[in-house]
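Everything on this sheet refers to the single structure shown next.
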Amino acid sequence: MSNKNKKEAAKQSQLHEVWRRLKKNRLAIFGLCVLLLIILLALTADIISPYPYDYQDYSAAKEFPSFKHLFGTDNYGRDILSRVIYGARISLQIGFISLSTGALAGCILGAIAGYFGGAFDTVIMRFTDILMSIPKTILAIAIATTLGPGLTNAMIAVSISSIPNFARVVRASTLTVKDQEFVEAAVSIGAGNFRIIFRHIFPNILAPIIVQATLGVGTAIILAASLSFLGLGIEPPTPEWGAMLSAARAFIRDEWYMVMFPGLAIMLTVLGLNLFGDGLRDALDPKLKT
C-alpha cells in the first residue's frame, strides 16, 4: 500500500472513530437532527412555505394560530409560519457566512502570532485583547451603527466580533504543535514558513477550530438577531427572526404568538448548535476515548 493510500485509510479510520463516539452522545445527535431540520427548512422555504413571506392580507391581520395560519398572522396579515421558515434562511446565512469570515481572519492572525512569536505575537494579541475587552454585543452595535443597517453590514459586524476567540484558540494550538517533530522535519528540508503553517500546522489543529466554529455559529445568530431587534441589522420586510421579534414587541401582551414563534426558532437553533458542538468537542478529544 502506498503512503498516500495509508494516509487516506488513517484519516477514514479517525473519522469513523469520531463518528462512533459522537453517536453515543444522544444529546449531540438530537442537536444535529434539530440543526439539519432547520437547514432543510431554510433550503426548501420556497417549496414548503404556505404563503410568500411578504404576502399581506389586512383582513386576516393579528389572527391567532389556526388551521389556515398555523402560527397566526402579524399586524400586516402576513403568515408568521412562512416568515419563520424564510427567516431560517436569513439567520443561518448570517450565522455561517459571518462566522466563516471571522474564523478565517482569526485563524490566520492566531497562526502568525503563535508561529512567529516576538513582535508579531505582541501586536496581534494586544489587538485581540482590545477587541475582547469590549463586550461582543457592544462591539457589534458600534460597528453596525457606524456602517448602517443592512444584511452585509450586519455580517461584517458579527465577523469582526468573532475574530478574537479564533485568534486565541489557534495561537494556543499552534504553540503546542510548532515544536513537534513533523514541523522540525519540514523546517529541516527547507519548507517555507507559510507552507509549514498551512500544510503542517493547520491540519493538526483543526479539532479545536471546528468545535469553536460549531459553538460560535449559535452566538453569531443571537448577535445578528440582537442587531436586528435594535434596528441595526436586517431591514423590513425581509424576514429575520430578530427583526420579527422587534416588530412584534408592541403586541406582546395581546398577540403573544407573534413573539413566541420567532423566539422559539432562535432558541431551538442555538440549542441544537450548542448540543452538537459540545458532543463534537467530546468526540474529537483523544483523552475521552471510549
| request: Please report how many Lys pairs in the chain have alpha carbons closer than 23 angstrom, counting only residues at least 8 apart along the chain or sitting on separate chains. | output: 14
| Relative contact order for the chain using alpha-carbon pairs under 8 Å, separation at least 6, rounded to a whole percent? | 26 percent
| Roughly speaking, what is the stretch gain from residue 180 to residue 37, that is 0.36 nm per residue apart minus the C-alpha to C-alpha distance, in nm to one decimal? | 47.3 nm
| field | Kirkwood estimate for the chain, i.e. one over the average of 1/r between Cα atoms, Å | value | 21.1 Å
| field | Principal-axis tilt of helix 80-116 within the chain, Cα atoms, nearest 10 degrees | value | 20 degrees
| field | Cβ-defined net charge surrounding residue 26, 15 Å radius [Lys, Arg +1; Asp, Glu -1] | value | +2
| remark: For the chain, the longest principal axis of the Cα atoms and the Cα long axis of helix 118-132 enclose an angle in degrees, to the nearest 10, of 20 degrees
| query | Roughly how tilted is helix 3-23, in degrees to the nearest 10 and between 0 and 90, from the longest Cα axis of the chain? | reply | 40 degrees
| request: Order the peptides 185-191, 114-120, 274-280 from the highest to the lowest mean number of other Cβ atoms within 10 Å of their residues. | output: 274-280, 114-120, 185-191
| remark: Length gained if residue 194 through residue 127 is fully extended, taking 0.36 nm per residue and subtracting the Cα-Cα distance, is 22.0 nm
| query | Do the sum for the chain: with -39,500 (n - 2.57) for every DSSP H run of n ≥ 4, divided by all residues, what is the mean residue ellipticity at 222 nm, to the nearest 500 deg cm²/dmol? | reply | -24000 deg cm²/dmol
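Each reported figure results from applying straightforward, stated rules to the coordinates on display, with no laboratory input. Note that the structure is predicted; figures quoted are calculated from it, not measured. In this analysis, Cβ positions are derived from the backbone assuming ideal geometry, glycine residues included, and neighbour counts consider all displayed protein chains.
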